[in-house]
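The structure appears right after this line, and notes come after that.
Computed from the coordinates by the stated procedures, all read-outs in this text should not be read as laboratory data. This structure is a prediction, so every number in the text was calculated from the model and none was measured. Cβ sites come from the backbone with ideal geometry, for glycine too, and all protein chains shown count toward neighbours.
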Amino acid sequence: MAPRTCSIANALEVVGERWSLLALREVFLGSTRFDQIAANTGASRDVLTVRLKKLVASGVLEKHQYSEHPPRHEYLLTDTGRALHNVMLVLKEWGDTYVTEGPLPLVWEHSCGAVLEPRVVCAACGEEATLESLTRAAEPTRAPEPAP
């Protein structure tokens, strides 16, 4: 029996490894240079190099040279990479709630002034998407293309 075809599995092929997600965290937080990413994640240089190359090859990050002598590069989010922002926020929220003990290492404040508590909602009606509110569609369809 073949494994279930699944967009989650496909996404994990690109970003589902610890050092990939931590590298993305750093870029989202503004640390875009290799040395910054390595220092803030604790990843070894060889492992981080492989993960960053994969994120660039997958179109999640772009590599830009910021110095010629010596040659130095930074990693910037593409539109595909920026689309992972909500995934990262929800993963952080899960970690805050179920894994992290003690004071939270990072708290986001929304522009409204409240501490951010991310939620997934239906784009059509605005209601929160809970396990109880979801059912599988009878016929699989292609999700709409992301807005530019």
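Quick notes on this one:
- Considering every alpha-carbon pair of the chain, the percent of pairs per 5 Å bin, from zero through the bin containing the longest distance, is 2, 7, 13, 18, 18, 16, 12, 8, 4, 1, 1, 0.
- Normalised by the number of residues in the stretch 20-148, the mean separation of alpha-carbon contacts (under 8 Å, six or more apart) gives a relative contact order of 15 percent.
- Along the stretch 64-73 the Karplus relation, 6.51 cos²θ - 1.76 cosθ + 1.60 evaluated at θ = phi - 60°, assigns HN-Hα couplings of 10, 7, 10, 8, 8, 10, x, x, 9, 10 Hz to successive residues, with x for each Gly and Pro.
- Cα→Cβ-extended label distance, 7 Å offset, between ARG33 and GLU101, nm: 3.7 nm
- With Cα atoms as the point set, the radius of gyration and Dmax of the stretch 1-71 evaluate to 14.1, 55 Å.
- Extension gain (nm, one decimal) between TRP94 and ARG136, 0.36 nm per residue minus Cα-Cα: 12.8 nm
- Extent along the principal axes, Cα only, for the stretch 38-85: 32, 24, 18 Å, with the longest axis given first.
- For LEU61, nonlocal amide neighbours, meaning residues 5 or more places apart or on other chains whose placed amide H falls under 5 Å from its own, are VAL56, THR78.
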